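Each reported figure results from applying straightforward, stated rules to the coordinates on display, with no laboratory input. Everything numeric here is computed off the predicted structure, so don't read it as measured data. Here the Cβ is made from the backbone with ideal geometry for all residues, glycine too, and neighbour counts use every protein chain on show.
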Amino acid sequence: MSKQLSVNHLLGIKGLTREDIELIFNTADNFKDVINRPIKKVPSLRDITIANLFFENSTRTKLSFELAEKRLSADVVNFSAASSSVKKGETLVDTVNNILAMKVDMVVMRHPNPGAAVYLSKNVDSRIVNAGDGAHEHPTQALLDSFSIREKLGSVEGKKVVIVGDVLHSRVALSNIFALQKQGAEVKVCGPTTLIPKYIESLGVKVETDLRKALVWCDVANMLRIQLERQDIKYFPSLREYTMQYGLTTEILNSLDKEIVVMHPGPINRGVEITTDVADSDHSIILNQVENGVAVRMAVLYLLASKIER
């Protein structure tokens with residue numbers, strides 16, 4: 001098996017091979033051992049400087065990347081667009097080139113515009129990690145989701161995964177679909193037809209509008225939150241009505257004649273897409289996802305840093 005990624009940047013899952021994903025997971029297995037030791041740091045990236053550029057608010061992803069970088073002993077620079085010269089009209093490439101002039105080796109970027117990470121990779125001389133671009137892709141989230149399924153069920157291949165909720169506005173859904181299919185899983189999406197993209201079936205994904213039927217079919221349910229901040233029109237009558245049709249409750253889980261795994265990329269709207277007792281139940285691997293996020297991001301950063309020419 002190859003010890004190197006086939007890509008120089010992590011811009012999306014679409015550009016990865018199955019071998020790339022397996023390499024990331026095998027590397028993350030090793031780092032998961034590291035972060036569960038009393039001394040949680042390794043000197044792997046001691047001479048590497050990483051800039052975190054977040055042009056969009058983020059708590060969990062930003063913290064997870066920062067922790068991954070520090071666990072690898074990298075030097076970390078944090079950049080918040082809200083208080084930057086971007087507000088004064090500076091272009092993205094100028095902003096990043098100014099940061100790179102300070103001898104930064106890698107850039108982790110979240111941006112509200114789809115394709116921003118790809119654009120950056122073509123215009124600046126640095127390794128780029130896409131931490132989410134608009135409603136396009138969020139590759140490290142999809143990787144940690146698949147890694148968590150693999151850890152819980154032994155493998156991703158042959159598993160049936162349903163993604164429930166606001167698929168239309170979700171970068172997590174698209175990256176998950178690509179990652180799961182590359183590993184041989186079957187994928188369905190479930191939600192109101194207004195929140196399912198028109199093109200989804202062209203990706204080889206089936207649509208189910210009845211939550212119970214979707215849960216009877218699946219091994220894993222990945223519950224997405226309703227992204228009200230991205231919705232410019234009303235896609236359903238009310239949150240209460242959405243919850244009545246698509247909210248995951250203990251009653252529904254108990255009525256199934258099998259155990260299913262419940263996931264959520266966070267942040268959770270408790271009482272909307274998932275009840276508190278489900279989120280905190282034995283079905284849920286939500287906190288495992290958070291822990292695995294650090295190990296998977298350590299693996300991605302480590303593997304991309306090994307491709308930096310010195």
Helix-only [θ]222 nm of the chain, DSSP H runs n ≥ 4, -39500 (n - 2.57) each, per residue, nearest 500: -11500 deg cm²/dmol
In range of the label at Lys198: residues from the range 168-182 whose backbone nitrogen is under 18 Å from the point 7 Å along Cα→Cβ: 168-170
FRET efficiency for Thr250 and Leu287, using Cβ-Cβ distance with R0 set to 22 Å, rounded to 0.05: 0.75
Between the range 40-64 and the range 147-175, the alpha-carbon center distance in angstrom: 24
Computed lengthening from Val216 to Lys3, 0.36 nm per intervening residue step minus Cα-Cα distance: 72.7 nm
Cβ charges +1 (Lys, Arg) and -1 (Asp, Glu), total dipole of the chain, debye: 500
Cβ-Cβ FRET estimate between Ser73 and Glu157, R0 fixed at 30 Å, reported to 0.05: 0.30
29 Å Cα-Cα threshold exceeded, pairs from Lys122/Lys182; Lys3/Lys206; Lys152/Lys206: Lys3/Lys206
Average Cα contact separation per residue, the range 139-286, under 8 Å, 6 or more apart, as relative contact order %: 24
At R0 = 35 Å, FRET efficiency that the Cβ-Cβ distance of Asp125 and Thr59 yields, to 0.05: 0.70
Aspartates and glutamates with Cα under 20 Å of Lys14, excluding same-chain neighbours fewer than 8 positions away: Glu22, Asp133, Glu137, Asp145, Glu157, Glu186, Glu201
For the chain, built as a Gaussian network whose Cα springs stay under 10 Å, the top-fluctuating residue of Asn269, Asn36, Asn113: Asn36
Protection-proxy order for peptides 238-248, 154-164, 253-263, each taking the mean of Cβ atoms within 10 Å per residue, highest first: 154-164, 238-248, 253-263
Dipole of the range 139-286, positive end: most advanced residue of Pro265, Gln181, Ser238 [Cβ charges, Cα centre]: Gln181
Nearest-20 debye value, the range 139-286 charge dipole, Cβ charges on Lys, Arg, Asp, Glu: 380
Residues Thr61, Thr17, sorted so that the one with the fewest Cβ neighbours within 10 Å comes first: Thr17, Thr61
Relative contact order of the chain, defined on C-alpha pairs under 8 angstrom at six or more residues apart (%): 20
Structure-derived Rg/Rh (Cα atoms, Kirkwood Rh): which label, when the choices are (1) 1.01; (2) 0.97; (3) 0.94: (2)
Helix axis angle, 139-153 relative to the chain longest principal axis, alpha carbon, degrees: 60
Charge sum, other residues only, whose C-beta stays under 12 Å from Arg270's C-beta, Lys/Arg counted +1 and Asp/Glu -1: -2
